[in-house]
Amino acid sequence: MRNSIIILTMILACSCNNTKKQTVQAIQSENSLFKTFVKKFKPIDLPFTYRITSEGLTVDLNKMRKIDANSSDTLFLKTEFPQETYCFGMLKDTTNFYSLIYLFPAEDYYPVLATYTKSGKQISQINLIALGGGVDCGLTYYSTTGRINKDMTFFCSDTAKYEYMCDSLSDEIPNSAKNHINVKTGKVTKSGKIIENAIRQFEQKN
C-alpha cells in the first residue's frame with residue numbers, strides 16, 4: 001500500500017512538472033510571436049497626429065503592412081476585419097508597455113490605439129476618433145483628427161459642415177446651415193490603461 005502511494009505521488013509530481021513546463025513553453029512561444037508581430041510597426045515620435053478629411057486620406061496604405069488573418073497576428077488584435085487592417089506604427093517609448101496604432105477599415109481608414117504588456121497581453125484599445133464622419137445629406141465638408149501628446153494624453157475631434165440639414169424625406173430644411181463638432185479626450189496611464197472621457201458635442205449655426 002505504501003509503495004502504491006509513493007508511486008502515485010511520483011506520477012502526480014511528474015504530471016505537475018510537465019504541466020508547468022508546457023505552460024512556460026506556451027508563454028515563451030507567445031512572447032516570441034509578439035516580438036515578431038511588433039516588427040510590422042514603424043516607430044512613431046510624439047506628438048502624433050492623424051487627420052482624415054472629406055478630401056481623402058493623407059497616408060499611403062501601400063507602404064504599410066497588413067494584419068495576416070491566417071497567422072498568429074490575430075492573437076493580439078480585436079477587430080472584425082483583420083484582413084483589412086493595417087499596421088500603422090508603434091510609439092517609441094516601450095519602457096513599461098507597447099503602444100501600437102492600427103488603421104481600421106470604414107468609409108475612410110481610421111486610427112486605433114492599443115496598448116500591450118511587455119509579453120503581448122492587450123491592456124486597452126480605443127478608436128482615435130470622436131464619432132467619425134462620412135456622406136450625409138447637406139454635408140459639404142468634414143474632418144476627423146486624432147492626436148496623442150508627449151504626456152500620453154489624447155484629443156480627438158470631428159468637424160462636419162452642413163450647407164443645410166435634411167428632413168426625414170431627405171428634403172432641404174430652409175435656413176438650417178450649421179457645423180457639428182464632436183470632441184473626445186483622455187489619457188494613457190503609466191500602466192498602459194487607456195482612460196476615455198465622455199464625448200462632448202457642439203453645434204454652431206451659420
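The values are calculated or read from the model by the stated rules, or taken from the named source; none is laboratory data. Keep in mind the model is a prediction, meaning the values are calculated, not measured. Note that we place each Cβ from the backbone using ideal geometry, even for glycine, and neighbour counts take in every protein chain shown.
Looking at 138, 146, 192, 133, just one residue is on the phi > 0 side of the Ramachandran plot and in contact (Cβ under 8 Å) with a residue 60 or more places away in the chain, and that residue is 192.
When the stretch 53-72 is filtered for residues that are touching a helix residue (DSSP H, G or I) at 6+ places or on another chain (Cβ under 7 Å) and among the β-branched types (Val, Ile, Thr), only 67 remains.
So how many residues does the stretch 175-187 have that are more than 16 Å from the chain's Cα centre (by Cα) and either assigned to a strand (DSSP E or B) or surrounded by 12 or more Cβ atoms within 10 Å (Cβ to Cβ) (or both)?
Of all residues in the stretch 175-187, those more than 16 Å from the chain's Cα centre (by Cα) come to 175-183.
Next, only the ones that are either assigned to a strand (DSSP E or B) or surrounded by 12 or more Cβ atoms within 10 Å (Cβ to Cβ) (or both) stay: 176-183.
The qualifying residues number 8.
State which residue is surrounded by the fewest Cβ atoms within 10 Å (Cβ to Cβ) when the search covers only the stretch 38-72 and only residues that are part of a loop (DSSP other than H, G, I, E, B) and touching a Pro at 6+ places or on another chain (Cβ under 7 Å). Only one residue fits best here, namely 69. The C-beta contact set for the stretch 45-71 (first residue hydroxyl-bearing (Ser, Thr, Tyr), second residue exposed (fewer than 15 other Cβ atoms within 10 Å of the Cβ), distance under 7 angstrom, 6+ apart or interchain) comprises 54/141; 58/51. In the stretch 77-91 there is at least one residue matching the filter, namely being modelled with pLDDT of 90 or more and of a type in the set (Gly, Ala, Ser). May I ask you to verify whether residue 61 is hydrophobic (A, V, I, L, M, F, W, C), closer than 30 Å to residue 157 by Cα and at pLDDT below 85? Against the criterion (hydrophobic (A, V, I, L, M, F, W, C), closer than 30 Å to residue 157 by Cα and at pLDDT below 85), residue 61 does not qualify.
The residues on offer are 168, 157, and the sole one that is without any contact (Cβ under 8 Å) to a residue 40 or more places away in the chain and within 27 Å of residue 78 (Cα to Cα) is 157. Within the stretch 95-117, residues that are farther than 13 Å from residue 127 by Cα and touching a residue at least 60 places away in the same chain (Cβ under 8 Å) have Cβ atoms under 9 Å from residues that are of a type in the set (Phe, Trp, Tyr) and not in a strand (DSSP E or B) in these pairs: 98/34; 98/41; 116/34; 116/76; 116/97; 117/97, counting only partners at least 6 apart in sequence or on another chain. Here residue 148 clears all of (1) aliphatic (A, V, I, L, M); (2) more than 16 Å from the chain's Cα centre (by Cα); (3) crowded, with 18+ Cβ neighbours inside 10 Å except the condition numbered (2).
Looking at the stretch 188-199 only, could you name the residues that are surrounded by 17 or more Cβ atoms within 10 Å (Cβ to Cβ) and either among the hydrophobic types (A, V, I, L, M, F, W, C) or not in a loop (DSSP other than H, G, I, E, B) (or both)? Selection gives 188, 194. Within the stretch 155-174, the set of residues being part of a strand (DSSP E or B) and either acidic (Asp, Glu) or under 19 Å from residue 202 (Cβ atoms) (or both) comprises 155, 156, 157, 158, 159, 160, 161, 162, 165, 172.
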